[in-house]
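A quick write-up on the structure given underneath.
Any read-out appearing in this document is the output of simple, stated calculations on the displayed coordinates, not a laboratory observation. Note that this is a predicted model, so its numbers are computed, not measured. Glycine also receives a Cβ, built like all others from the backbone with ideal geometry; neighbour counts cover every protein chain displayed.
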Amino acid sequence: VMNRGRDIWPFLQLLPEVAALGFQRFVKVHTKRSPHRVDGQRWAAELIDDTFTIARTMTESDAGTAAMLISARHALPVLENISSNGGAMRWIERRIGMTSITETDDVFAAGSMFVGDPHAFADVARELDLRATDFEEERGRIDGTLAHGLERTWVQLLRRSGARVEVR
């Protein structure tokens, strides 16, 4: 895919295929470069390890119960981490007719790594109806892009569709 939207655009591109193959769960991890953070490599390793730990410890009864499972260590409050992402979050709001997306007391999956239900995410992706050109050209920004805005709104978008999100 085009080098747009960091890990988010490729994820959106794969969702329909994963859902069509009948998978009940996916594990969303990606290479995580955070050169602006002194602990960037350690943080990336923690994110990946925590996400795979959730996947490994899931039971049969977990299947179908939550559309998104987030590591408790990396579930951050949206309000405290909007920063320069408010514009992108409001753009998402307008696109789907949602309100108060930037005024939530919800959390988001920092680093955009989590376990999820491909069908629930595919439903949200269809509603968003995004294209590669909706995402900014990659210029190494550390915040404030549509990809960062989506990272902070997945939980709200899923809950809006009636799906459940769990922090573990």
Semi-axes of segment 127-166 from the Cα gyration tensor (sqrt of 5 times each eigenvalue, largest first, whole Å) come to 24, 13, 5
Mean ellipticity per residue at 222 nm, deg cm²/dmol - from DSSP H runs of n ≥ 4 across the chain, formula -39500 (n - 2.57):
-13000 deg cm²/dmol
With the cut-off at 18 Å, report for segment 72-127 the share of all Cα pairs above it, as a whole percent.
44 percent
Cα-based radius of gyration of the chain once divided by 2.2 N^0.38 Å, which approximates compact folds:
0.97
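Would you work out the charge dipole size for segment 60-168 about its Cα centre, treating the Cβ of every Lys and Arg as +1 and the Cβ of every Asp and Glu as -1, and quote it to the nearest 20 debye?
140 debye
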Determine the gain in length on full extension of the stretch Arg126-Ala55; use 0.36 nm per residue of separation and subtract their C-alpha separation, reporting nm with one decimal.
23.0 nm
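Mind checking the alpha-carbon convex hull of segment 1-92 and giving the volume per residue in Å³? Walk me through the intermediate numbers first.
Numbers: hull volume 13.8 nm³, N = 92.
So the per-residue hull volume is 150 Å³.
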Within segment 90-124, whose backbone N sits under 16 Å from a point 7 Å along Cα→Cβ of Glu80?
104-111
At 7 Å along Cα-to-Cβ for each site, give me the label-to-label distance between Ala45 and Arg94 in nm.
4.4 nm
